[in-house]
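Visitor: Provided herewith is a single structure, encoded as structure tokens, for subsequent inquiry.
The values are calculated or read from the model by the stated rules, or taken from the named source; none is laboratory data. Not measured: the values here are computed from a predicted model. For neighbour counting, all protein chains shown are included, and Cβ atoms are generated from backbone atoms with ideal geometry for every residue, glycine included.
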Amino acid sequence: MTQSLPHFEVLPRDLSAYRTGNTGVDYVHRLDSGKPGPHVLINALTHGNEFCGMVAALHLLDTGVRPQVGTLTVSFANVQAYESFDIERPFESRQLVHNLNRVWSVAELEGAAVSPELLRARALRPVVAAADHILDLHSTSQDVQPFWVYPAFARNAQAARAIGVPAVHLVMPKGLGTGVPLIQHGRHGEADGTGVALVAECGQHFHQASADTAIAVTLGFLAHFGLIEASAPGATVMPARRFELLETFLVKTPAFAFVRPLVGFETFDEGELIATDGASEIRSPCQGCTVFMPTREPIVGREAVYLTRPLAD
């Protein structure tokens, strides 16, 4: 089925001037206040067509945002995929070979396989490991409300609530089930580990509102850890809509199809059919099952949909 092109409000910028940072890793810039404090990593472009993170990272570097305490590191992750962007095929620059946000296990990082994403993850590994707190900026193919994604550790939930925006939380009690994301690398993926690590899904890839959200979330994250002044001192913990990830499905056959067009946040009754994949059926495991991240275009081997249930606060 032919998909219509999305509406473009944000397009790539030339990042060549940002290639040489000061860490020995291309496209990674470290800003040290010279004062004690946490080390915070703001990571953009884990996927090459998720432009909101690029806008937020450039906002930090270009407008003079500097840490008052501690250290701020700003990274552009999958620049090779980003540079492959074609406006006629805007979703294909998500990745070149591997999903850079699923390769952060020891087995993948220390394995023999080679791809642009694996090489980049190996180069970024010390950058990620050095950070006390991580914000990984993402966006969605469909135009849905922004949401946090994080492992179900109290330290993550407390930070996301305190920052307040986005007000929707996708909590992963057992990880994604399809690989290890950047925010679960090393100690950040351990229940007894230290440090906050969050993904912010900021809205549709090419919308200005998503870029604006990414900037706001980034500044809120930095303020929460004391690196910059809060724009609204005395902000209180915000109420949240929280969802628990139950299962992530992969596309297994070219025949994969949802029972109706989905964009995300639709709900299903227990046992209701959500999709078929060849002879297999995907059915709702619970009453009020809410779908996140339904694939825009099924590709065998890639993620099809996340099934969740609402959590009571």
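Visitor: Conditions: (1) under 18 Å from the mean Cα position of the chain (by Cα); (2) buried (at least 17 other Cβ atoms within 10 Å of the Cβ); (3) over 18 Å from VAL149 (Cβ atoms). LEU41 meets all but one. Number of the miss?
Guide: (3)
Visitor: Being crowded, with 23+ Cβ neighbours inside 10 Å and not aliphatic (A, V, I, L, M) is the filter here, so list the residues in segment 185-199 that pass it.
Guide: Across segment 185-199, the qualifying residue is only HIS188.
Visitor: Which residue pairs have Cβ atoms under 9 Å apart, sit 6 or more places apart or on different chains, and have a first residue in segment 48-73 that is in a strand (DSSP E or B) and a second that is of a type in the set (Ser, Thr, Tyr) and surrounded by fewer than 21 Cβ atoms within 10 Å (Cβ to Cβ)?
Guide: From residues that are in a strand (DSSP E or B), the pairs are THR71/SER33; LEU72/SER33; THR73/THR23.
Visitor: Quick one: which of ARG89, ARG102 is of a type in the set (Lys, Arg), out of contact with any helix residue (DSSP H, G or I) (no Cβ under 7 Å at 6 or more places or on another chain) and surrounded by fewer than 17 Cβ atoms within 10 Å (Cβ to Cβ)? It would help to see each step written out before you state the result.
Guide: Working: ARG102 fails: surrounded by fewer than 17 Cβ atoms within 10 Å (Cβ to Cβ).
Step by step, each of ARG89, ARG102 is checked, and only ARG89 is of a type in the set (Lys, Arg), out of contact with any helix residue (DSSP H, G or I) (no Cβ under 7 Å at 6 or more places or on another chain) and surrounded by fewer than 17 Cβ atoms within 10 Å (Cβ to Cβ).
Visitor: If HIS59 satisfies all but one of (1) surrounded by 13 or more Cβ atoms within 10 Å (Cβ to Cβ); (2) in the same structural domain as GLN142 (by TED's automatic domain parsing); (3) touching a His at 6+ places or on another chain (Cβ under 7 Å), what's the number of the condition it fails?
Guide: So HIS59 meets the others, but not (3).
Visitor: Closer than 26 Å to ALA312 by Cα and either of a type in the set (Phe, Trp, Tyr) or modelled with pLDDT of 95 or more (or both), is that true of GLN204? Before the answer, list the steps.
Guide: Values: closer than 26 Å to ALA312 by Cα: no; either of a type in the set (Phe, Trp, Tyr) or modelled with pLDDT of 95 or more (or both): yes.
No, not satisfied.
Visitor: For segment 231-246, state whether one or more residues are out of contact with any Phe, Trp or Tyr (no Cβ under 9 Å at 6 or more places or on another chain), at pLDDT 95 or above, of a type outside the set (Phe, Trp, Tyr) and part of a loop (DSSP other than H, G, I, E, B).
Guide: no
Visitor: Look at segment 11-30 and say how many of its residues are surrounded by 14 or more Cβ atoms within 10 Å (Cβ to Cβ), in contact (Cβ under 8 Å) with a residue 12 or more places away in the chain and either closer than 30 Å to PHE91 by Cα or in contact with a Ser or Thr (Cβ under 7 Å, 6 or more places away or on another chain) (or both). Give the derivation first.
Guide: Quick first cut of segment 11-30, residues surrounded by 14 or more Cβ atoms within 10 Å (Cβ to Cβ) only: 12, 15, 18, 21, 23, 25-30.
Filter once more, keeping what is in contact (Cβ under 8 Å) with a residue 12 or more places away in the chain: 12, 15, 18, 23, 25-30.
Within this subset, residues satisfying the condition of being either closer than 30 Å to PHE91 by Cα or in contact with a Ser or Thr (Cβ under 7 Å, 6 or more places away or on another chain) (or both) are 12, 15, 18, 25-30.
Counting residues in segment 11-30 that are surrounded by 14 or more Cβ atoms within 10 Å (Cβ to Cβ), in contact (Cβ under 8 Å) with a residue 12 or more places away in the chain and either closer than 30 Å to PHE91 by Cα or in contact with a Ser or Thr (Cβ under 7 Å, 6 or more places away or on another chain) (or both) gives 9.
Visitor: Continuing with this model, one more query. Filtering segment 283-307 down to residues that are crowded, with 20+ Cβ neighbours inside 10 Å and without any contact (Cβ under 8 Å) to a residue 40 or more places away in the chain, which residue is farthest from ALA200 (Cα to Cα)?
Guide: Going through segment 283-307, the residues crowded, with 20+ Cβ neighbours inside 10 Å turn out to be 284, 289-294, 298, 303-307.
Within this subset, residues satisfying the condition of being without any contact (Cβ under 8 Å) to a residue 40 or more places away in the chain are 284, 291.
Working: SER284: 26, VAL291: 17 Å.
Restricting to residues being crowded, with 20+ Cβ neighbours inside 10 Å and without any contact (Cβ under 8 Å) to a residue 40 or more places away in the chain, the top hit is SER284.
Visitor: With respect to LEU170, is the statement that it is out of contact with any helix residue (DSSP H, G or I) (no Cβ under 8 Å at 6 or more places or on another chain), modelled with pLDDT under 95 and within 24 Å of THR295 (Cβ to Cβ) true? Quick ask: steps written out before the conclusion?
Guide: On the way: out of contact with any helix residue (DSSP H, G or I) (no Cβ under 8 Å at 6 or more places or on another chain): yes; modelled with pLDDT under 95: no; within 24 Å of THR295 (Cβ to Cβ): yes.
No.
Visitor: Which members of segment 68-126 meet the condition of being of a type in the set (Val, Ile, Thr), out of contact with any Pro (no Cβ under 7 Å at 6 or more places or on another chain) and over 21 Å from PHE8 (Cβ atoms)? Give the derivation first.
Guide: Initial filter on segment 68-126 (of a type in the set (Val, Ile, Thr)): 69, 71, 73-74, 79, 87, 97, 103, 106, 114.
Adding the requirement that they be out of contact with any Pro (no Cβ under 7 Å at 6 or more places or on another chain) leaves 71, 73-74, 79, 87, 103, 106, 114.
The answer is THR71, THR73, VAL74, VAL103, VAL106, VAL114.
Visitor: Given SER75, SER84, which one is surrounded by 21 or more Cβ atoms within 10 Å (Cβ to Cβ) and in the same structural domain as ALA216 (by TED's automatic domain parsing)?
Guide: Testing whether each residue is surrounded by 21 or more Cβ atoms within 10 Å (Cβ to Cβ) and in the same structural domain as ALA216 (by TED's automatic domain parsing) leaves just SER75.
Visitor: Only one of VAL180, VAL171 is surrounded by fewer than 23 Cβ atoms within 10 Å (Cβ to Cβ), in contact with an Asp or Glu (Cβ under 6 Å, 6 or more places away or on another chain) and within 26 Å of PHE249 (Cα to Cα). Can you tell me which? Don't jump to the end; show me each part of the working.
Guide: Numbers: VAL180 fails: in contact with an Asp or Glu (Cβ under 6 Å, 6 or more places away or on another chain).
The conditions single out VAL171.
Visitor: When you scan segment 40-63, do you find a residue that is modelled with pLDDT under 95 and over 15 Å from PRO126 (Cα atoms), even just one?
Guide: Residues of segment 40-63 modelled with pLDDT under 95: none.
Looking through segment 40-63, none of the residues is modelled with pLDDT under 95 and over 15 Å from PRO126 (Cα atoms).
Visitor: Could you check segment 299-313 and list, in sequence order, the residues that are among the aliphatic types (A, V, I, L, M) and closer than 12 Å to GLU266 by Cα?
Guide: Of the residues in segment 299-313, the ones among the aliphatic types (A, V, I, L, M) are 299-300, 304-305, 307, 311-312.
Scanning segment 299-313 gives VAL305, LEU307.
Visitor: Give THR71, THR23 a once-over and let me know the one that is touching a His at 6+ places or on another chain (Cβ under 6 Å) and either under 23 Å from HIS185 (Cβ atoms) or hydrophobic (A, V, I, L, M, F, W, C) (or both). Full working, then the answer.
Guide: Numbers: THR23 fails: touching a His at 6+ places or on another chain (Cβ under 6 Å).
Checking each option against the conditions leaves just THR71.
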